[in-house]
Amino acid sequence: MKFLKSPVTAGLFVFMSLALAGCPSSYQKLSTKPVEKVNDHVLTSKQFANQLARRLRNFDALAAKDPNNIHRIKEEILRDFLVKSLTLDWARAQSIVISETMLDKEVDKLRANYPDDLSFRRALALENLSFSEWREELRYSLVEKEVFKKLNEKVKAPGDEEIKRYYEDHKDRYKRKERIYIRQIVVDEDAKADAIKADLKTGDFAELARKFSITPEAKTGGVVGWIEKGSVDYFDPLFSAGAGLQTVKSPFGVHLIRVEKKAPATTLPLEEVKSQIVRALKAQREQAEYVAWLDAQLRSSKVLKDYELLNTIKVDTRGPND
């Protein structure tokens, strides 16, 4: 769990308003009314409005008032609450519990990412979250992780025949273009490049790279590593160039390049990509298991949504002087 900085224009705020024709007591009554109920879990209109405001802070003023964006985010909030409720119910049935000790340890780990407690509290404030709300969100993320772990215990590893069939069906993914392995020295002037060329007749390329190159790989002796054909346009001429030192110009400066190895275009063998394929197949099975599980939880649960109440929740954006 991490906080996101809002790109909303400085001084711009998102306000949620419940469309009411009555007095403050009517507002209080309506704000505690549920917009969604999942079994014994309730999402009130006020909680929904707060979540909507929080999510819209990641939009600029125009996008925040776009009806399509508002509708999409409203549906996301309803869906997320539904999934969260079903997950918590199943976790409770499976006796999955996050202890206070485990939660405290996770809290301390995340707070350690901030230089001090004030910075941490400011991050919470920017997201319009109290510490207790954030802590409960963190608790849920740990519950969710344990639920996924338990569900994935049912997923079997793919067999050799399945792996081979996947490889043959997706062979294009494992094609590799022609490659070169290069080392370079980059300077900002032609005169410097000419002087280094002269030094390279007797000097060590790596040492000169460490001493004169202005790009980050200078500290590793100018090693760029493997470059695929077509990946960097100003390196492409190197694939047809002869042996010896090559000079290339780019927006970064003058490159003195030594091609140390070449590799032809090829298709990676099955053994080399087997672990990737296993991960891909397991991910497919885990997703299928999760979808089947979610469908089963949904069919055995009671879900109510009040769309009439949802439509009373409006979005308004105002500058600080409005």
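The values are calculated or read from the model by the stated rules, or taken from the named source; none is laboratory data. The shown structure was predicted, so the numbers you read here are calculated from the model rather than taken from an experiment. A quick note on method: Cβ atoms are made from the backbone with ideal geometry, for glycine too, and the neighbour counts reach across all protein chains shown. Areas reflect the complete protein model, heavy atoms only, side chains present, ligands, DNA and RNA absent. Shrake-Rupley method; radii C 1.70, N 1.55, O 1.52, S 1.80 Å.
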Where a residue in the range 168-196 is more than 17 Å from Leu245 (Cα to Cα) and its partner, wherever it lies, is in a helix (DSSP H, G or I), with Cβ under 6 Å and at least six apart: Tyr174/Val273
Criterion (within 30 Å of Lys274 (Cβ to Cβ) and not in a strand (DSSP E or B)) met by exactly one of Ala157, Ala198, Ala191: Ala157
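Can you pull out every residue in the range 229-275 that is of a type in the set (Val, Ile, Thr) and either more than 17 Å from Asp172 (Cα to Cα) or touching an Asp or Glu at 6+ places or on another chain (Cβ under 8 Å) (or both)?
Scanning the range 229-275 gives Val232, Thr247, Val248, Val254, Ile257, Val259.
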Unmet criterion (only one of (1) modelled with pLDDT of 95 or more; (2) farther than 30 Å from Val223 by Cβ; (3) in contact with a strand residue (DSSP E or B) (Cβ under 7 Å, 6 or more places away or on another chain); (4) open to solvent by less than 60 Å² (accessible area, probe 1.4 Å)) for Leu304: (4)
Residue selected from the range 118-173 under the condition more than 22 Å from the chain's Cα centre (by Cα) and aromatic (Phe, Trp, Tyr), by the criterion nearest to Asp104 (Cα to Cα): Phe131
Where a residue in the range 291-312 is closer than 18 Å to Glu75 by Cα and its partner, wherever it lies, is loosely packed, with under 11 Cβ neighbours inside 10 Å, with Cβ under 8 Å and at least six apart: Thr312/Ala19
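Residues checked against (1) in a helix (DSSP H, G or I); (2) closer than 16 Å to Lys37 by Cα; (3) free of Cβ contacts under 8 Å to residues at least 40 places away in the same chain:
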residue: Asn58; (1), (2), (3): no, no, no
residue: Ala63; (1), (2), (3): yes, no, yes
residue: Ile70; (1), (2), (3): yes, no, no
residue: Glu76; (1), (2), (3): yes, yes, yes
residue: Arg79; (1), (2), (3): yes, yes, yes
residue: Ser85; (1), (2), (3): yes, yes, no
residue: Leu88; (1), (2), (3): yes, yes, no
residue: Ala91; (1), (2), (3): yes, no, no
residue: Ser95; (1), (2), (3): no, no, yes
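Counting only residues that are free of Cβ contacts under 8 Å to residues at least 12 places away in the same chain and farther than 21 Å from Lys261 by Cα, how many does the range 197-215 have?
Just the residues of the range 197-215 that are free of Cβ contacts under 8 Å to residues at least 12 places away in the same chain, to begin with: 198-199, 201-204, 211.
Keeping just the survivors that are farther than 21 Å from Lys261 by Cα gives 198-199, 202, 211.
Within the range 197-215, residues that are free of Cβ contacts under 8 Å to residues at least 12 places away in the same chain and farther than 21 Å from Lys261 by Cα number 4.
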Residues (part of a helix (DSSP H, G or I) and surrounded by 14 or more Cβ atoms within 10 Å (Cβ to Cβ)) located in the range 166-179: Tyr166, Tyr167, Arg173, Tyr174
Subset of the range 112-142 (residues that are farther than 23 Å from Gln51 by Cβ, open to solvent by 50 Å² or more (accessible area, probe 1.4 Å) and assigned to a helix (DSSP H, G or I)): Asp117, Leu118
So Glu106, is it under 29 Å from Ala292 (Cα atoms), in a helix (DSSP H, G or I) and open to solvent by less than 70 Å² (accessible area, probe 1.4 Å): no
Condition broken by Leu56, with the remaining ones in (1) of a type outside the set (Lys, Arg); (2) within 20 Å of the chain's Cα centre (by Cα); (3) within 19 Å of Glu136 (Cβ to Cβ) satisfied: (3)
Qualifying residue in the range 127-148 (condition: in contact (Cβ under 8 Å) with a residue 60 or more places away in the chain and closer than 30 Å to Leu270 by Cβ): yes
Single unsatisfied condition, Arg92 versus (1) modelled with pLDDT of 95 or more; (2) open to solvent by less than 90 Å² (accessible area, probe 1.4 Å); (3) within 26 Å of Phe48 (Cα to Cα): (2)
Residues of the range 231-271 satisfying the condition of being open to solvent by 80 Å² or more (accessible area, probe 1.4 Å) and either in contact (Cβ under 8 Å) with a residue 12 or more places away in the chain or not in a helix (DSSP H, G or I) (or both): Ser240, Ala243, Lys249, Pro251, Phe252, Arg258, Lys261, Lys262, Pro264
Condition broken by Gln287, with the remaining ones in (1) at pLDDT 95 or above; (2) surrounded by 12 or more Cβ atoms within 10 Å (Cβ to Cβ); (3) part of a helix (DSSP H, G or I) satisfied: (2)
